[in-house]
1. Quick check on my filter: what residues within the stretch 14-53 are of a type in the set (D, E, K, R) and farther than 18 Å from residue 85 by Cβ?
2. Kindly indicate whether any position in the stretch 71-88 is within 30 Å of residue 108 (Cβ to Cβ) and either among the β-branched types (Val, Ile, Thr) or under 12 Å from the mean Cα position of the chain (by Cα) (or both).
3. I'm checking my understanding of the structure. Among residues of the stretch 65-86 that are open to solvent by 80 Å² or more (accessible area, probe 1.4 Å) and touching a residue at least 40 places away in the same chain (Cβ under 8 Å), which one is farthest from residue 38 (Cα to Cα)?
4. Identify all residues within the stretch 24-54 that are open to solvent by 70 Å² or more (accessible area, probe 1.4 Å), assigned to a helix (DSSP H, G or I) and either aromatic (Phe, Trp, Tyr) or within 30 Å of residue 102 (Cα to Cα) (or both); write none if there are none.
5. Do any residues in the stretch 114-128 that are outside any loop (DSSP other than H, G, I, E, B) have Cβ atoms under 6 Å from those of residues that are among the aliphatic types (A, V, I, L, M) and surrounded by 10 or more Cβ atoms within 10 Å (Cβ to Cβ), where the two are at least six apart or on different chains, and which pairs are they?
Amino acid sequence: MTQVMPVPVVTYRLQLHAGFAFAEAEALAPYLATLGVTDCYTSPVSTATPGSTHGYDVCRHTEINPELGGRAGLESLARALKRRGLRLLIDFVPNHMSNDPRTNDWWRDVLENGPSSPFARFFDIDWD
């Protein structure tokens, strides 16, 4: 049986960063419910370059950003929204990635090892 995701009716977008993390978003849940919001839509939650104000410069796609509260903070936010009947939508843009080799281990490995890097397939690189 195919499960159909409910269509968002009223979304409210939250721009997450170190100064406005999961805990601050969670504190807004009662207010958002009062407004009639059905879905809370956030900027990316994967680990971004330290100090990022937008989250689109992801350096670790496999990790929830510790500056935002990490996995525990995200789970707490999701529970708080669910208790109020709100759904959580997370902006996920796999092609948005930091190109800073100091923070992006995958990119650094590709720069060091070229096509033989195990991460080379994650990048659109014309090796010729």
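The values are calculated or read from the model by the stated rules, or taken from the named source; none is laboratory data. Every value quoted in this text rests on a predicted model; they were computed, and no experiment measured them. Heads up, the Cβs are rebuilt from the backbone with ideal geometry, glycines too, and the neighbour counts pull from every protein chain shown. The protein model used for the area step is the full one, side chains on, heavy atoms only, and it has no ligands, DNA or RNA in it. Shrake-Rupley method; radii C 1.70, N 1.55, O 1.52, S 1.80 Å.
1. 24
2. Scanning the stretch 71-88 turns up at least one residue that is within 30 Å of residue 108 (Cβ to Cβ) and either among the β-branched types (Val, Ile, Thr) or under 12 Å from the mean Cα position of the chain (by Cα) (or both).
3. 83
4. Within the stretch 24-54, 24, 31 meet the criteria.
5. 120/110
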